[in-house]
Amino acid sequence: MSSELGGSSTQAFWAGTSYLLASTVLMLIWGTLSDAFGRRIIILAALLVFALGTILCGVAPSWTMMLAGRTVQGVGGGGIVSLTTMLVTDMAPLRERARLYALIACIWTVGSATGPIIGGSLCKTNTWRWIFWINLPIITISFTGIALFLRLSQKPRSLSEKLRLFDYPGSLLFIASTTTFLISITWGGTQYPWSGWQTLVPLILGVIGIVLFAIYEFGISSSKLPQARLIPSSIFANQSACIGYASSTVHGMVAYSLLYYMTEYFQTVKMYSPVIAGVASLPQSLTTAPCAVVVGIIVAGTGKYRWALWAGWSLVCLGCGLLVLLETRTAVPEWIFLGAVSGLGLGLLFPSINLAIQASVPQQEAGIASILVLFFRLLGQSLGVAIGGTIFDNQLRANLKISGENAPSSIMVLMERLHQLAPDDPISLDIRNALSRSFRVIWIVMCALAGLSLLLSFLMKEYDMDQEHQSDQVFLLEDMGDPAPGTDGEQSSRI
């Protein structure tokens with residue numbers, strides 16, 4: 001892809017980063033738009049935006065258009081993901097959401113596992129544009145199904161009333177501050193040094209902006225004037241919810257760090273091809289999905305969820321600790337087992353963190369609370385890669401005894417030479433052993449974060465899962481005229 005479009009390694013890096021940034025920053029905006037204008041019309045708009053970005057990427061003649069297309073894709077993707085989880089809060093009461101969130105987590109993990117393999121195969125055969133074109137049939141089916149069958153009743157409002165439901169100052173402040181913050185941690189240590197002004201200035205401005213946003217939103221909540229709020233402060237008034245959001249951030253950090261750096265481990269230390277490295281990551285991904293389903297079934301049946309948090313973080317902590325045993329000569333059965341343990345724990349946590357947070361907040365705020373779970377998880381992904389990258393670079397320089405301003409280029413030269421050497425070459429073994437020791441520190445840090453999250457999870461309360469179901473947007477029956485049985489027009493139906 002890079003060679004055909006004439007892009008640099010930096011541009012290739014931003015092809016993935018631009019999507020993640022756009023989707024993360026705009027999630028909450030899509031949610032508030034759907035509160036005002038309705039879930040159906042907004043999710044259809046998100047699908048169209050995603051389709052537009054897909055087409056731009058598919059026909060891109062240059063990296064400039066590719067990056068533009070990926071950004072547009074991210075804008076639409078953020079809406080699709082956030083509105084999907086909001087629709088679940090409209091569709092089902094709290095206890096029965098467990099099965100639906102487990103199903104979503106299952107589909108998400110399967111897609112995360114198979115996506116790199118399919119993408120790597122298409123790139124290898126020089127048909128990389130099909131990475132984007134294969135999305136269009138899925139988008140078409142989704143768009144048609146939602147347009148034909150998704151019907152929601154909504155409190156009638158005039159256009160001026162709908163526009164007043166949107167928090168314009170808060171949204172602008174949130175977008176500006178989170179974008180600035182995420183950009184700084186994304187290119188810090190990779191494109192620019194952490195001590196450089198290119199990293200420090202946006203990082204400081206981003207943190208200041210986030211603090212100002214929090215003050216602004218809290219001020220609105222404290223005011224008696226009826227003003228729109230992007231994030232209701234009542235969500236963060238509960239200790240369990242705050243711990244849950246911290247857990248969601250760490251969950252994203254650990255999950256994405258393991259996915260990203262385990263793939264790097266297989267490609268560098270084990271010297272597997274990109275496709276084989278993707279296959280080698282399957283033990284972790286394929287154990288995640290079944291565990292998410294099990295959690296959904298058990299929580300829906302018992303109404304208890306804290307056990308899943310405790311078991312999940314225990315397994316993640318154990319799994320990350322076991323990864324320390326990975327070495328240059330680790331046999332296939334060994335790395336299959338070592339990778340699967342953390343996958344079991346991550347699967348238990350996918351639905352349980354979301355359900356724990358929704359149980360602890362006012363039910364009328366469940367929709368926005370569920371989007372915040374996704375936001376903090378994606379924030380954790382960005383932090384995980386940034387922290388992991390910094391750890392890896394520093395450890396690798398120390399292990400290879402490389403220092404000075406030319407250290408990054410020296411490391412790149414070594415990586416290029418590594419794949420030119422025979423696996424049993426002494427120089428190759430030395431480099432791969434240094435790489436393995438560098439990855440080991442990442443596993444230790446992730447193990448410590450998982451252990452801290454386990455301790456914090458004991459402070460979370462077990463709330464009733466049979467709370468009254470409240471939703472402003474009610475699912476309608478096939479006649480598209482009456483709310484589902486058991487509702488009064490203010491509450492959504494059970495499924």
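The values are calculated or read from the model by the stated rules, or taken from the named source; none is laboratory data. Every value quoted in this text rests on a predicted model; they were computed, and no experiment measured them. Cβ: placed from backbone, ideal geometry, glycine included. Neighbour counts: every protein chain shown.
At a glance:
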item	result
Residue ID - surrounded by the most Cβ atoms within 10 Å (Cβ to Cβ), chosen from residues in the stretch 300-319 that are touching a residue at least 60 places away in the same chain (Cβ under 8 Å) and within 14 Å of Phe458 (Cβ to Cβ)	Trp313
Residue satisfying all of: in the stretch 271-299; out of contact with any Gly (no Cβ under 9 Å at 6 or more places or on another chain) and buried (at least 21 other Cβ atoms within 10 Å of the Cβ); modelled with the lowest pLDDT among these	Gly296
Single residue of Ser171, Ser142 found to be polar (S, T, N, Q) and over 30 Å from Ile118 (Cα atoms)	Ser171
Leu322 surrounded by fewer than 24 Cβ atoms within 10 Å (Cβ to Cβ) and either touching a residue at least 12 places away in the same chain (Cβ under 8 Å) or under 22 Å from Ala450 (Cα atoms) (or both)	yes
Matching entry among Arg95, Arg70 (being over 23 Å from Ala277 (Cβ atoms) and either in a helix (DSSP H, G or I) or among the acidic types (Asp, Glu) (or both))	Arg95
The listed residue being of a type in the set (S, T, N, Q), surrounded by fewer than 21 Cβ atoms within 10 Å (Cβ to Cβ), under 30 Å from Ala308 (Cα atoms) and touching a residue at least 24 places away in the same chain (Cβ under 8 Å), out of Ser234, Ser171	Ser234
Residue count, the stretch 302-349 (criterion: of a type outside the set (A, V, I, L, M, F, W, C) and in a helix (DSSP H, G or I))	13
Test: residue in the stretch 102-117 that is among the aromatic types (Phe, Trp, Tyr) and under 21 Å from Gly347 (Cα atoms)	yes
Candidate set: the stretch 130-166, residues that are more than 24 Å from the chain's Cα centre (by Cα) and part of a loop (DSSP other than H, G, I, E, B); chosen: the one surrounded by the fewest Cβ atoms within 10 Å (Cβ to Cβ)	Pro156
Matching entry among Gly53, Gly16, Gly76, Gly31 (being modelled with pLDDT of 90 or more, in a helix (DSSP H, G or I), over 19 Å from Ile368 (Cα atoms) and not hydrophobic (A, V, I, L, M, F, W, C))	Gly53
Test: Leu83 is buried (at least 24 other Cβ atoms within 10 Å of the Cβ), in contact (Cβ under 8 Å) with a residue 24 or more places away in the chain and within 30 Å of Leu173 (Cβ to Cβ)	yes
Where Ser352 falls short, out of the listed (1) part of a helix (DSSP H, G or I); (2) closer than 20 Å to Gly278 by Cα; (3) of a type outside the set (A, V, I, L, M, F, W, C)	(2)
